[in-house]
Structures are given as structure tokens and as C-alpha cells.
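Below is one structure; the comments refer to it alone.
The values are calculated or read from the model by the stated rules, or taken from the named source; none is laboratory data. Bear in mind that the values here come from a model prediction, so they are computed numbers and not experimental data. FYI the Cβ positions are ideal-geometry reconstructions off the backbone, even for glycines, and counts take in every protein chain you see. Keep in mind that these areas ignore ligands, DNA and RNA; they rest on the heavy atoms of the full protein, side chains included. Shrake-Rupley method; radii C 1.70, N 1.55, O 1.52, S 1.80 Å.
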Amino acid sequence: MPAQQSSSTPNFPTDSPDTDLFRRARLQDLLVYADFLRERHAGNKIRTCAVVSAKSGNCSQDCAFCAQSGHNSATSPVFALLGKQDLIRRAMAAAEAGASNVSLVSSGRAPGPRELERICEAIAAIRSRADVSVCASLGTLSPEKARRLYEAGVGTYHHNLETASSHFETICSTHSHRERVDTVRAANAAGMRVCSGGIFGLGETWPQRVELAETLRELEVNSVPVNFLNPVPGTPLQNRPLLSREEALRCVALLRLTLPDRDIVICGGREATLGSFQSRVFRAGANGLMVGDYLTTKGEATDADMQMLRENSLEPL
């Protein structure tokens, strides 16, 4: 599957992404070069990530796409932060199923002191029992909370920007894009790797997609999770159409060409958007995949994802 660059391979610029290039270039040309960059960055290895929903629902923030927002009428699981042993058990199960990275994810704007302490204790225990990278996604962080997570053993902190700064106010009014950027910087300053990306299909324009990609590059994030909007009934975006398969693949290629040496991980919405064409995300430049269920929706069976990797001569990292 890895693409071989030849004299006829389009050599797209990666230093200054051009909107028209990603919107109008032949999709095949984009895929050939994106696949070449993926293979050069990661070979045939694919990162496999899984999430553990540590706390769900009743979020005070009004993100227009989110089933967990208390401002929306979507139906989703609601429960307080799980106990330490439950967090450990669920994380271990994800690791045993084949995930190389397991993330504890909590709804809400930011973790309280007791919540943070319980999560840190669980993370330390998980790291002592399994050969897996432990990540966390807990909302906004102060520098002090970021340092506490790093000391507990968190290797990567996940905090999406969601969309471009110029589009952010149309999807959230309870916090700013700047707060998200500040959390990314706090996690990085504490010593953690940073996983930050967004959702495509929120009504953003192609210039705004390029704007998001450039912001992620400026922040020097290590990993970029890519989500495609899967509209949830009861949210303000419930009637938005799915992206076309071609447009979704162009979005992935945009990120690979803009961030050629970073991990591009395909996450929520891939099943609904791409269907039987999910394996094409690797040709578009992706070198990572979220496996198992998502926070509020079902995902592919992990065994099926592993089979997809084998069929494309790829291996889980």
C-alpha cells in the first residue's frame, strides 16, 4: 500500500497551504502525495487509540455538536466520575483489546480537585499494570493541574481546538477559542505530548479548515485527531449533512500536507461518513485510528479494525 514517489508525483507545498489546492486539486494527486508523506513519517505502523468515558453528560458548556452538553436535548449517558477501580478495569480492557494509547475522558469544563486526584491515582495504577501509553482529556487545564497530570504519568493530553478561531463563536459561546489554545500550551509546558485537532463538517469554509491546520502547526501539536460531524438529534447541528467521502479525504490530506511529520489520527464519524471506504484514510495521510466505541456513539469492532489494517499491509504500533 505505501505510495512510491516518482518524478510524476505532485510535489505540493507543505509550508504555506493554499485553499484552492485542497479544494480543487485532483483528489488522486492529493492522495498520492499524502500517502507518500505518511509512509515517510510512520512507515506501515498505525497508532491505535481508545477512550474510556470517565464522566459523562451534564456539561455546562454549549458546544453545538455535543450530545453531552446540558444546553442540548440530546439523549446520552449521564454519570459522575467513575471510581478508581472501574477506571483501571476499563482502561486495562481497552489495552488488552489492542489499543496502544488509552485516554481517560471526562465531560465538563475542567476537573475539580478531587476528580483530578482520583484520575491521577488511576493513571498511576494503569501505568504500573500495562504497557500502554495513558492519555487524558479532562477539559481546561491550569499550569498547576497540567503539572499534576504529568507527574502522575500522563504521556499525552488531548484537547481539541474543534474548529478555526474565526468559526468558533458559531459553535460555542460559553468559552473562547483562546482558552483552548491556552490549555494546549499549558499541557505542552508541563512536559506532556499534545493531541489536538477538530471536527470537520461544522459549517466551516475551506479557508477556515486551512486556518485550523495552520494553528495546529504553529502550536507544534504532536498528534491531530480528525473527527467528521455525525449529527446528533437534539443538538443545534442535528440537520447538518454528512461530509462527502471525497471532502472528508481532502480534509485528512490537508492535515498531512500541513503537518507532514505529525500523527494524524482518525476518530469519530468515520463510519457514518466513509462507510466501506474507511481504509482510504491511510492513503489520505492518516497514521492513527481510534478503535472501539466513542463517548456517546458506537464504533467499529476492534477486531474488524485490526483486520482492515492487515488487509492494507499495515500494523498497529
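Of all residues in the stretch 120-154, how many are among the hydrophobic types (A, V, I, L, M, F, W, C), farther than 16 Å from Val194 by Cα, outside any loop (DSSP other than H, G, I, E, B) and touching a strand residue (DSSP E or B) at 6+ places or on another chain (Cβ under 6 Å)?
2
Out of curiosity, is Glu169 crowded, with 18+ Cβ neighbours inside 10 Å, among the acidic types (Asp, Glu) and under 24 Å from His71 (Cα atoms)?
no
Looking at the structure I just gave you, is Ile171 assigned to a helix (DSSP H, G or I), of a type in the set (A, V, I, L, M, F, W, C) and over 22 Å from Gly288 (Cα atoms)?
No.
Kindly evaluate Ser107 against the criterion of being more than 27 Å from Asn58 (Cα to Cα) and polar (S, T, N, Q). Steps first, answer last, please.
On the way: more than 27 Å from Asn58 (Cα to Cα): no; polar (S, T, N, Q): yes.
Taking the combined requirement at face value, the residue does not satisfy it.
I'd like the full set of residues that are over 30 Å from Gln238 (Cα atoms) and hydrophobic (A, V, I, L, M, F, W, C), limited to the stretch 136-181.
Ala146, Leu149, Ala152, Val154
Across the stretch 110-119, which residue is farthest from Asp62 (Cα to Cα) among those that are part of a loop (DSSP other than H, G, I, E, B) and in contact (Cβ under 8 Å) with a residue 12 or more places away in the chain?
The extreme case among them is Pro111.
Condition check ((1) among the charged types (D, E, K, R); (2) open to solvent by 10 Å² or more (accessible area, probe 1.4 Å); (3) part of a loop (DSSP other than H, G, I, E, B)) across all residues:
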position	(1), (2), (3)
Leu212	no, no, no
Arg217	yes, yes, no
Val224	no, no, no
Pro260	no, yes, yes
Ser276	no, yes, no
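Need the failing condition index for Ala130 against (1) buried (at least 20 other Cβ atoms within 10 Å of the Cβ); (2) in contact with a helix residue (DSSP H, G or I) (Cβ under 6 Å, 6 or more places away or on another chain), just the number.
Condition not satisfied by Ala130: (1).
Criterion first (within 30 Å of Lys145 (Cβ to Cβ), assigned to a helix (DSSP H, G or I), at pLDDT 95 or above and of a type in the set (Val, Ile, Thr)) does Val181 satisfy it?
In short, yes.
What number of residues within the stretch 287-317 satisfy the criterion of being assigned to a loop (DSSP other than H, G, I, E, B), closer than 26 Å to Glu220 by Cβ and touching an Asp or Glu at 6+ places or on another chain (Cβ under 9 Å)?
Summing the residues that are assigned to a loop (DSSP other than H, G, I, E, B), closer than 26 Å to Glu220 by Cβ and touching an Asp or Glu at 6+ places or on another chain (Cβ under 9 Å) in the stretch 287-317 gives 1.
Could you tell me which residue of the stretch 87-111 is modelled with the highest pLDDT, considering only residues that are farther than 19 Å from Leu149 by Cα and surrounded by fewer than 16 Cβ atoms within 10 Å (Cβ to Cβ)?
Restricting to residues being farther than 19 Å from Leu149 by Cα and surrounded by fewer than 16 Cβ atoms within 10 Å (Cβ to Cβ), the top hit is Arg89.
With respect to Gly43, is the statement that it is open to solvent by less than 40 Å² (accessible area, probe 1.4 Å) and out of contact with any Ser or Thr (no Cβ under 6 Å at 6 or more places or on another chain) true?
yes
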